[in-house]
Amino acid sequence: MAADESHDSPTETLETAAEEEEAKTFKDLGVTDVLCEACDQLGWAKPTKIQIEAIPLALQGRDIIGLAETGSGKTGAFALPILNALLETPQRLFALVLTPTRELAFQISEQFEALGSSIGVQCAVIVGGIDSMSQSLALAKKPHIVIATPGRLIDHLENTKGFNLRALKYLVMDEADRILNMDFETEVDKILKVIPRDRKTFLFSATMTKKVQKLQRAALKNPVRCAVSSKYQTVEKLQQYYLFIPSKFKDTYLVYILNELAGNSFMVFCSTCNNTQRTALLLRNLGFTAIPLHGQMSQSKRLGSLNKFKAKARSILLATDVASRGLDIPHVDVVVNFDIPTHSKDYIHRVGRTARAGRSGKAITFVTQYDVELFQRIEHLIGKKLPVFPTQDEEVMMLTERVSEAQRFARMELREHGEKKKRKREDTGDDDDTEGAIGVRNKVAGGKMKKRKGR
Ligand code: AMP
């Protein structure tokens with residue numbers, strides 16, 4: 001056990017023997033029978049590492065700092081002890097989970113509901129971009145668990161009559177590093193002021209930044225630290241490659257790779273909403289089942305995209321970094337960094353979408369003449385040199401004509417969509433029609449491409 005050097009409330013680091021971990025069951029960790037059954041029904045045969053470390057301590061009533069990323073089973077690591085405690089002392093507005101994004105909030109809620117279905121757990125998701133009135137109604141029913149993004153929760157704490165968190169027993173701050181990076185610091189401080197000091201707190205974060213340490217000092221009492229993976233390591237079953245190509249041929253290489261690796265599910269990362277949208281249009285014009293996910297889409301459309309991808313109705317999800325962390329998308333086979341991430345840590349989060357839960361996966365990063373320095377930083381961060389992804393350049397070049405035609409269509413569609421949005425904004429004040437435009441236009445353009453090229 002090592003003391004945390006940086007603050008006045010010492011923490012302990014746990015080192016559990018690997019062989020011991022192998023044998024553990026949820027029951028061994030102290031989880032009550034009905035919840036063990038729920039795990040079983042979800043197909044969770046045995047606890048993950050973070051669950052093995054955190055659950056017994058949480059059940060003993062300790063505050064926890066969990067250094068773990070999405071995919072590690074961290075949601076279960078905090079949800080199970082909370083549900084266990086809820087069963088022992090049933091109470092409304094029992095726990096609050098703060099998360100950085102709406103998507104993550106829905107995912108966490110799904111896990112609470114799945115684990116707690118047989119005990120009738122009620123959750124409310126309180127996030128921006130969704131009608132506030134229905135949220136007020138949900139809060140009036142006093143759910144057991146509130147899962148919220150900080151900004152919208154403050155709105156309700158300030159404006160929803162009769163709603164308060166004065167009896168709260170558990171606070172979870174999930175992806176705390178990200179909550180703080182998104183400038184939710186003031187909101188989190190406000191929330192801490194209106195909940196009881198006498199509570200249990202779990203703080204989960206992928207990285208231990210200065211801001212997270214500060215929050216830890218402000219919010220946790222004598223916490224235990226549970227860390228499951230060493231810093232910035234990418235998993236062994238992940239095959240990582242790069243592709244050094246001229247910027248102007250990025251689209252063509254993307255199409256080549258999607259064809260070469262057809263049959264897989266892809267997550268393609270772009271740096272801007274606009275490029276995400278454009279690339280989705282381009283791919284659809286070429287007959288691919290591609291769907292965008294970015295911050296300029298309404299919440300319902302983002303969830304719609306995600307669900308279609310999850311249900312495998314679409315094989316290519318194009319996303320900005322909004323989607324690169326926290327999302328539980330179990331079946332991504334290939335991650336393509338179409339635009340290289342500007343922050344190298346985002347690389348880790350992006351490629352963490354594949355090779356999860358013991359499965360293998362590929363990550364291919366496009367490096368253009370402008371990206372060399374950023375790429376070197378990534379290699380430095382992960383501590384290895386990546387191999388080149390093998391391509392047949394003549395075959396790639398054979399695609400250029402079709403791709404440039406699809407690019408032309410995509411540009412046209414994007415322009416039309418922009419104008420339509422502008423008109424709609426002028427007429428109604430509503431400015432979101434991102435996917436609608438794709439759908440309608442795509443049928444026309446996609447049809448044309450199909451006929452001409454026999455796809
Ligand atoms: P999380 O890291 O909490 O986002 O969880 C990632 C995925 O792992 C989710 O799909 C969970 O349902 C799944 N999961 C969590 N715990 C276990 C477990 N013990 N065994 C198998 N899958 C799990």
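The values are calculated or read from the model by the stated rules, or taken from the named source; none is laboratory data. None of these values were measured; they are calculated from a predicted model. All Cβ positions, even for glycine, are placed from backbone atoms using ideal geometry, and neighbour counts span all protein chains on display.
Taking the criterion of being modelled with pLDDT under 90 and assigned to a helix (DSSP H, G or I), would at least one residue in the range 381-395 satisfy it?
Quick first cut of the range 381-395, residues modelled with pLDDT under 90 only: 381-385.
The next check asks that each one be assigned to a helix (DSSP H, G or I); those that pass are 381-382.
Checked the range 381-395: at least one residue is modelled with pLDDT under 90 and assigned to a helix (DSSP H, G or I).
Select from the range 78-127 the residues that are within 25 Å of residue 56 (Cβ to Cβ), in a loop (DSSP other than H, G, I, E, B) and out of contact with any Asp or Glu (no Cβ under 7 Å at 6 or more places or on another chain) and list them in ascending order.
Passing the criteria: 89, 90, 91, 94.
Give me the pairs: first residue in the range 47-60 and in contact (Cβ under 8 Å) with a residue 24 or more places away in the chain and under 12 Å from residue 225 (Cβ atoms), second residue within 11 Å of the ligand (Cβ to nearest atom) and assigned to a helix (DSSP H, G or I), beta-carbon distance under 7 Å, and six or more apart or on different chains, which are they?
50/74; 50/77; 54/77
Only one of these is crowded, with 16+ Cβ neighbours inside 10 Å and at pLDDT below 85: 293, 303, 286, 281. Name it.
Numbers: 293 fails: at pLDDT below 85; 286 fails: at pLDDT below 85; 281 fails: at pLDDT below 85.
Going through 293, 303, 286, 281 in turn, just one is crowded, with 16+ Cβ neighbours inside 10 Å and at pLDDT below 85: 303.
Counting only residues that are farther than 23 Å from residue 335 by Cα, at pLDDT below 95, assigned to a loop (DSSP other than H, G, I, E, B) and of a type in the set (A, V, I, L, M, F, W, C), how many does the range 194-227 have?
Residues in the range 194-227 being farther than 23 Å from residue 335 by Cα, at pLDDT below 95, assigned to a loop (DSSP other than H, G, I, E, B) and of a type in the set (A, V, I, L, M, F, W, C): 1 in total.
So that you can scan it fast, the table gives a plain yes or no per residue for (1) over 22 Å from residue 350 (Cα atoms); (2) more than 9 Å from the ligand (Cβ to nearest atom); (3) in a loop (DSSP other than H, G, I, E, B); (4) modelled with pLDDT under 95:
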| site | (1), (2), (3), (4) |
| --- | --- |
| 36 | yes, yes, no, no |
| 40 | yes, yes, no, yes |
| 44 | yes, no, yes, yes |
| 50 | no, no, no, yes |
| 53 | yes, yes, no, yes |
| 57 | yes, yes, no, no |
| 61 | yes, yes, yes, no |
| 69 | no, no, yes, yes |
| 72 | no, no, yes, yes |
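Restricted to the range 87-101, and to residues that are over 16 Å from residue 204 (Cβ atoms) and out of contact with any Leu (no Cβ under 8 Å at 6 or more places or on another chain), which residue is surrounded by the most Cβ atoms within 10 Å (Cβ to Cβ)? Steps first, please.
Restricting attention to the range 87-101, the residues satisfying the condition of being over 16 Å from residue 204 (Cβ atoms) are 87-94.
Imposing the further condition that a residue be out of contact with any Leu (no Cβ under 8 Å at 6 or more places or on another chain) reduces the set to 88-92.
Numbers: 88: 9, 89: 8, 90: 11, 91: 13, 92: 11.
Restricting to residues being over 16 Å from residue 204 (Cβ atoms) and out of contact with any Leu (no Cβ under 8 Å at 6 or more places or on another chain), the top hit is 91.
Restricting attention to the range 150-178, which residues are of a type in the set (Val, Ile, Thr) and assigned to a helix (DSSP H, G or I)?
As a first pass, look at the range 150-178 and keep what is of a type in the set (Val, Ile, Thr): 154, 160, 172.
Result: 154, single match.
When only residues in the range 155-200 that are acidic (Asp, Glu) and farther than 21 Å from residue 81 by Cα count, which is farthest from the chain's Cα centre (by Cα)?
Narrowing the range 155-200 to residues acidic (Asp, Glu): 155, 158, 174-175, 177, 183, 185, 187, 189, 198.
Then drop every residue that is not farther than 21 Å from residue 81 by Cα, which leaves 155, 158, 177, 183, 185, 187, 189.
Numbers: 155: 24, 158: 28, 177: 13, 183: 18, 185: 20, 187: 21, 189: 24 Å.
Filtering first and then ranking leaves 158.
What pairs come out if I take residues in the range 369-393 that are closer than 15 Å to residue 343 by Cα and of a type outside the set (A, V, I, L, M, F, W, C) and pair them with residues that are assigned to a helix (DSSP H, G or I) and at pLDDT below 90 whose C-beta lies under 7 Å away, six or more apart or interchain?
Matching pairs, first to second residue: 377/344.
Check the range 85-95 and report whether any residue there is in contact (Cβ under 8 Å) with a residue 24 or more places away in the chain and within 21 Å of the chain's Cα centre (by Cα).
Scanning the range 85-95 turns up no residue that is in contact (Cβ under 8 Å) with a residue 24 or more places away in the chain and within 21 Å of the chain's Cα centre (by Cα).
Answer with yes or no whether residue 81 is within 14 Å of the ligand (Cβ to nearest atom), surrounded by 15 or more Cβ atoms within 10 Å (Cβ to Cβ) and modelled with pLDDT of 95 or more. Full working, then the answer.
Numbers: within 14 Å of the ligand (Cβ to nearest atom): yes; surrounded by 15 or more Cβ atoms within 10 Å (Cβ to Cβ): yes; modelled with pLDDT of 95 or more: yes.
For residue 81, the condition - within 14 Å of the ligand (Cβ to nearest atom), surrounded by 15 or more Cβ atoms within 10 Å (Cβ to Cβ) and modelled with pLDDT of 95 or more - is met.
Of the residues that sit in the range 21-33 and are in contact with a helix residue (DSSP H, G or I) (Cβ under 6 Å, 6 or more places away or on another chain) and at pLDDT 90 or above, which one is nearest to the ligand (Cβ to nearest atom)? It would help to see each step written out before you state the result.
Quick first cut of the range 21-33, residues in contact with a helix residue (DSSP H, G or I) (Cβ under 6 Å, 6 or more places away or on another chain) only: 21, 24, 26-27, 29-32.
This time we only want the ones that are at pLDDT 90 or above, so: 26-27, 29-32.
Working: 26: 8, 27: 13, 29: 10, 30: 15, 31: 11, 32: 16 Å.
Taking the candidates together, the pick is 26.
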